[in-house]
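For reference, the structure is listed below as structure tokens.
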Amino acid sequence: MQSLCALILAIVMALALTPVMIRLAPRIGAVDEPDQRRVHTKPTPTAGGLAIFVAFWVPMLLLNWPPGKPLVGMLIGSVMLLGICLVDDTVGLPPFPRFAGQVLVAIVAYVWGVQWSGFTNPLSMFGEYHYISLAWFSGPLTVLWIVLVINAINWLDGLDGLAAGVSAIAALTLTVMAWDSAFYAVAIPALALAAACIGFLPYNFEPARIFMGDTGAMFLGYMLATLSVAGAFKSPTAVAVFAPLLVLGVPIFDSVSTIWKRLRQGKAIYAADKQHLHHRLLDRGLSARQAVLVIYGLTAILCVVAIILWTKL
């Protein structure tokens, strides 16, 4: 019942709040102007991620009051990230302060119990169960994972509906995996996150009437990262360490390959360019909508593989 309420509330709130943001965004200067790097051709309201943020957190706090410690950490971190992103969406931030903010909110989540403390040795599937503790590596690896996924989803947000759709598929997969492991404290938030994305998509799919901006993309990355740490990485299954990598495989591959290319070319990691996966699909002649659907399909395939491995092993 709680999961159904979270699903309905998140979808309804996203559907209702996104049109409000379409009207409000231009008044606060949150408008994305077209340029040579962007695909859209007309000024479009941004900061629509605020609708996703509210559509997620209101059901979560109503249905989980008082919230558990990890969820409190996610809330504090996401509120801090929201402030950083609203500034970035309206006046812009240099790369270093933005990166420092991402590290800070990742540390907040870790301090409040969102911790990747260890994992099951994958070889355990062939013999005796063995757990590998990360010890003092726990903090750095948790923070690194959260920052990586935040940027992976943010960099993926280059075509109408792309980040929201991929995040919805990933969140639904985390829901299934958490539910199968009886991690209901993760399954319900993951379901609400997917629902908020689905409620936002009718306004964001091509042709988009609003963009989620860094406000939405970084929030989605933050929540997917922290929920995977609180759920999938804590499972005793032998594939626990691989499952989140499969679920978020497309955005992670896109980020890592783009960083590698920029480093090889002597560019800064945060340098804006057209080397992301969606840009390469467009260069091959696909339309924006076709490129989005291809990436949806790739994400769905990896997520299905993750679920099969999760339930069988």
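Condition check ((1) under 20 Å from L148 (Cβ atoms); (2) part of a helix (DSSP H, G or I); (3) within 17 Å of the chain's Cα centre (by Cα)) across all residues:
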site: F253; (1), (2), (3): yes, yes, yes
site: R262; (1), (2), (3): yes, yes, no
site: V292; (1), (2), (3): no, yes, yes
site: I295; (1), (2), (3): yes, yes, yes
site: I308; (1), (2), (3): no, yes, no
Next on the checklist: Just checking, does the range 296-307 include any residue being surrounded by 14 or more Cβ atoms within 10 Å (Cβ to Cβ) and in contact with a Lys or Arg (Cβ under 8 Å, 6 or more places away or on another chain)?
Outcome noted: no
Checklist outcome for this item: Picking from I107, I76, the residue that is within 18 Å of L148 (Cβ to Cβ) and at pLDDT 95 or above would be I107
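Filter the range 52-69 down to residues that are touching a Phe, Trp or Tyr at 6+ places or on another chain (Cβ under 7 Å) and at pLDDT 90 or above and give me whichever is surrounded by the fewest Cβ atoms within 10 Å (Cβ to Cβ). Write out each step before concluding.
Taking the range 52-69 first, the residues touching a Phe, Trp or Tyr at 6+ places or on another chain (Cβ under 7 Å) are 52-53, 69.
With the extra rule that they be at pLDDT 90 or above, the set shrinks to 52-53.
Values: I52: 30, F53: 25.
For the range 52-69, the residue satisfying everything is F53.
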Next on the checklist: Among the residues of the range 170-181, are any in contact (Cβ under 8 Å) with a residue 24 or more places away in the chain, among the small types (G, A, S), part of a helix (DSSP H, G or I) and within 19 Å of I76 (Cβ to Cβ)?
Outcome noted: no
Checklist outcome for this item: If we ask which residues in the range 154-164 are surrounded by fewer than 24 Cβ atoms within 10 Å (Cβ to Cβ) and in a helix (DSSP H, G or I), their number turns out to be 1
Checklist outcome for this item: Of the residues in the range 216-266, those that are in contact with a Pro (Cβ under 6 Å, 6 or more places away or on another chain) and closer than 15 Å to C303 by Cα come to S228, A232
Next on the checklist: under 27 Å from L201 (Cβ atoms), in contact with a Leu (Cβ under 7 Å, 6 or more places away or on another chain) and not in a helix (DSSP H, G or I): is that true of P67 in this structure?
Outcome noted: yes
Item to check | Matching option when the condition is surrounded by 13 or more Cβ atoms within 10 Å (Cβ to Cβ) and touching a Cys at 6+ places or on another chain (Cβ under 8 Å), among G101, G77, G73, G49 | outcome: G49
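Would you check if there is a residue in the range 262-273 being in contact with a Ser or Thr (Cβ under 6 Å, 6 or more places away or on another chain) and of a type outside the set (S, T, Y)?
No, the range 262-273 contains no residue that is in contact with a Ser or Thr (Cβ under 6 Å, 6 or more places away or on another chain) and of a type outside the set (S, T, Y).
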Item to check | Answer residue from the range 230-251, given it is of a type in the set (V, I, T) and assigned to a helix (DSSP H, G or I) and is surrounded by the most Cβ atoms within 10 Å (Cβ to Cβ) among those | outcome: V247
Next on the checklist: Filter the range 44-84 down to the residues that are of a type in the set (S, T, Y) and in contact with a Gly (Cβ under 8 Å, 6 or more places away or on another chain) and list them by number.
Outcome noted: T46
Checklist outcome for this item: Taking the range 150-186 and keeping residues more than 17 Å from G249 (Cα to Cα), aliphatic (A, V, I, L, M) and within 15 Å of the chain's Cα centre (by Cα) leaves V186
Checklist entry - Among L201, L227, which is the only one that is crowded, with 22+ Cβ neighbours inside 10 Å and modelled with pLDDT of 95 or more? => result L227
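The values are calculated or read from the model by the stated rules, or taken from the named source; none is laboratory data. In this text the structure is predicted, and so the values were computed from the model without any measurement. No Cβ is skipped: glycine too gets one built from the backbone with ideal geometry, and neighbour counts run over all protein chains shown.
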